[in-house]
There are 2 protein chains.
Amino acid sequence: MTYCVAMRLKAGLLFASDSRTNAGVDHIATFRKMNLFEVPGQRLVTILNAGNLATTQSVLNLLRQRCAHEGAQLLNVGSMYDAAELVGRTLKEVVARDSVDVPQGQGIDFGANFLVGGQIQGEEPRLFHVYPQGNFIEATEDTPYFQIGEAKYGKPIIDRVISFDSTLIEASKCTLISFDSTIRSNLSVGLPLDMLLYRTDSFAPAQPHRIDAEDPYFNQLRRGWGEGLRQVFKALPDEEWFG
Amino acid sequence: MTYCVAMRLKAGLLFASDSRTNAGVDHIATFRKMNLFEVPGQRLVTILNAGNLATTQSVLNLLRQRCAHEGAQLLNVGSMYDAAELVGRTLKEVVARDSVDVPQGQGIDFGANFLVGGQIQGEEPRLFHVYPQGNFIEATEDTPYFQIGEAKYGKPIIDRVISFDSTLIEASKCTLISFDSTIRSNLSVGLPLDMLLYRTDSFAPAQPHRIDAEDPYFNQLRRGWGEGLRQVFKALPDEEWFG
């Protein structure tokens, strides 16, 4: 599996992804799930992927290959909406190609989910979730974040802490805690993580951070959060259930 | 959906279940998912259920009806192992009966999961998870708890806090926090909760507690936990991601 989070806040955008892929428990590998398409000063399009690795790799390969071509592609579409539509269309193309002539699909799920976010000159930063069917939804001020993959373990902390007005520093702290909870409870999500922060209207060259098991800040957070939780737990009142 | 937790600790057993069932979002109802079979002084068998409501109701009905009959039934089986096997067998019987003559199952999942725990004179307290296929596993000192239904949201806190040596008071506190996280993040799990604590070797009459939205202890925990988390979060160090 996979765990990816993206947030669209007033201050900017956050993207984070783990790097574990697995087919069963004995075929584990590391693949980056964060993909950047950028023209500094003009646009940044970031794509996070979860799902069938053959599908997601093909979608990203086609999107990248076509950047050299005429016609709509990620380096020239006029809006993030068009970028999301292009990702959805390419996904449908790949799934149709790969699943044809596979009898009853042989029980294989060719599907994938994508988070597509960024900023294109002339627009605000925007964030979309592209579904396996190729259609998509956009994050709003009320719902400023999306998750794909193993989303449930790390959702409660985001629900409690994040709003559209959160700072990028708060968002990155919360995201790392969310990953820590997920990694502790689910073997199929693993380090290293990739994280990218983008300040609204900066159009600066993207500087993704890779966070591994030795990362001092991540380890400080993990320790501090674990200890803090246990202290809060201890300080909560007890109930005498037995009379 | 549903969320149920059961723990088998040195000190005793804990069972907790929510009470929401839904078919889609517009057919929501309240059903107790905690079922007791007891002979005070001699045995307590508790069954929590998740999954297809027609299936779980039929399984519990048959188990209960047959308590009046000759042959193996929950009030006379000699061990908790036999109790779990009986639940699994009854589950297979119901699924086989209900799914026959339904063309291709019409896409319906007839499956259900059960947590079966308790103590029978002559044995330690024991806890089993009965799978939809009718086979089952037992909790051990290394893995002293099981969850069924919407288990992921509320798993991280249990993983961090609970061990075989936890007290029943700690376990009940942790369980209520786990339910709070789940209820906040998932609409299909809802109040009231049923909770039952059982002290090892007590064989006392079971006294389940019903916890609703007005329960003062549950509300104290929810508030205290939410505030505590936000304080721990705030106190954690910030990282200056942008140079």
- prompt: Of A:234/B:33; A:152/B:92; A:10/B:155; A:92/A:155; B:10/B:92; A:33/A:155, which pairs sit farther than 23 Å apart, going by alpha carbon to alpha carbon?
  reply: A:234/B:33; A:152/B:92; A:10/B:155; A:92/A:155; B:10/B:92
field: Residue-span extension gain [residue A:160 to residue A:36] - 0.36 nm each, minus C-alpha spacing
entry: 41.7 nm
message: Using a Gaussian network model on chain B with a 10 Å cutoff between Cα atoms, which of B:120, B:158, B:148 fluctuates the most?
response: B:158
message: Using Cα springs under 10 Å in a Gaussian network model of chain B, which residue among B:57, B:231, B:119 shows the largest mean-square fluctuation?
response: B:231
- request: Round to the nearest 10 and report in Å² the accessible area of residue B:241, as given by a 1.4 Å probe over the protein chains' heavy atoms.
  value: 30
task: Treating the Cα atoms of region A:3-235 as identical point scatterers in vacuum, please give the log10 of the normalised Debye intensity I(q)/I(0) at q = 0.10, 0.11, 0.14 Å⁻¹, two decimals.
output: -0.46, -0.56, -0.89
- request: Using every pair of alpha-carbon atoms in the protein assembly as shown, split the distances into 10 Å bins beginning at 0 and state the percent of pairs per bin, rounded to integers.
  value: 4, 18, 25, 24, 17, 9, 3, 1, 0
Heavy-atom accessible surface of chain A: percent carbon and sulfur, 1.4 Å: 49
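Write down the accessible area per residue of chain A in Å², having rolled a 1.4 Å probe over the full set of protein chains.
44
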- request: Take every residue in peptide A:230-237, count the Cβ atoms of other chains within 10 Å of its Cβ, and give the average of those counts.
  value: 6
task: Go through A:147, A:218, A:112 and say which Cα lies farthest out towards the positive end of the charge dipole of chain A; charges sit on Cβ, +1 for Lys and Arg, -1 for Asp and Glu.
output: A:218
message: For peptide B:153-163, what's the mean number of Cβ atoms from other chains within 10 Å of each residue's Cβ?
response: 5
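Based on the mean of other beta carbon atoms within 10 Å per residue, what is the order of B:59-65, B:82-88, most packed first?
Working: B:59-65: 17.0, B:82-88: 22.0.
Descending mean neighbour count gives B:82-88, B:59-65.
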- line: Dividing the alpha-carbon radius of gyration of region A:202-243 by 2.2 N^0.38 Å, where N counts its residues, gives 2.11
query: If you draw the axis that swings chain B onto chain A, which residue of B has its Cβ closest to it, and how far is that in whole Å?
result: B:152, 2
task: DSSP loop (so not H, G, I, E, B), at most 11 other Cβ within 10 Å: list which GluC sites (Glu not before Pro) in region B:113-174 pass both filters.
output: B:141
- prompt: Which value in deg cm²/dmol, rounded to the nearest 500, describes the helix-derived mean residue ellipticity at 222 nm for chain A, given -39,500 (n - 2.57) per DSSP H run of n ≥ 4 and division by the residue count?
  reply: -10500 deg cm²/dmol
query: Distance from the Cα centre of region B:200-243 to that of region A:60-126, in angstrom?
result: 42
message: Suppose you put the label 7 Å out from Cα in the Cβ direction; list, shortest first and in nm with one decimal, how far residue B:89 is from each other copy's label.
response: 6.2
- prompt: At a probe radius of 1.4 Å, what is the per-residue accessible area of residue B:152, in Å² to the nearest 10?
  reply: 70
- line: Expected integer from the mean partner chain Cβ neighbour count at 10 Å over A:204-213 is 1
message: As a test question: what accessible area, to the nearest 10 Å², does residue B:7 have when a 1.4 Å probe is rolled over all protein chains in place?
response: 0
field: Gaussian network model of chain A, Cα within-10 Å springs - most flexible of A:197, A:221, A:44
entry: A:221
- line: For region A:98-239 (alpha-carbon point model, no solvent) the Debye-based log₁₀ I(q)/I(0) at q = 0.21 Å⁻¹ works out to -1.48
query: If each of residue A:200 and residue B:167 carries a label point 7 Å out from its Cα toward its Cβ, how far apart are those two points in nm?
result: 5.0
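The values are calculated or read from the model by the stated rules, or taken from the named source; none is laboratory data. Only a predicted model underlies this, so the values are computations on that prediction, with no experimental measurement involved. When we count neighbours, we look across all protein chains shown, and the Cβ atoms used for this are built from the backbone with ideal geometry, even at glycine. Accessible surface is based on the protein model in full, side chains and every heavy atom, while ligands, DNA and RNA are left aside. Shrake-Rupley method; radii C 1.70, N 1.55, O 1.52, S 1.80 Å.
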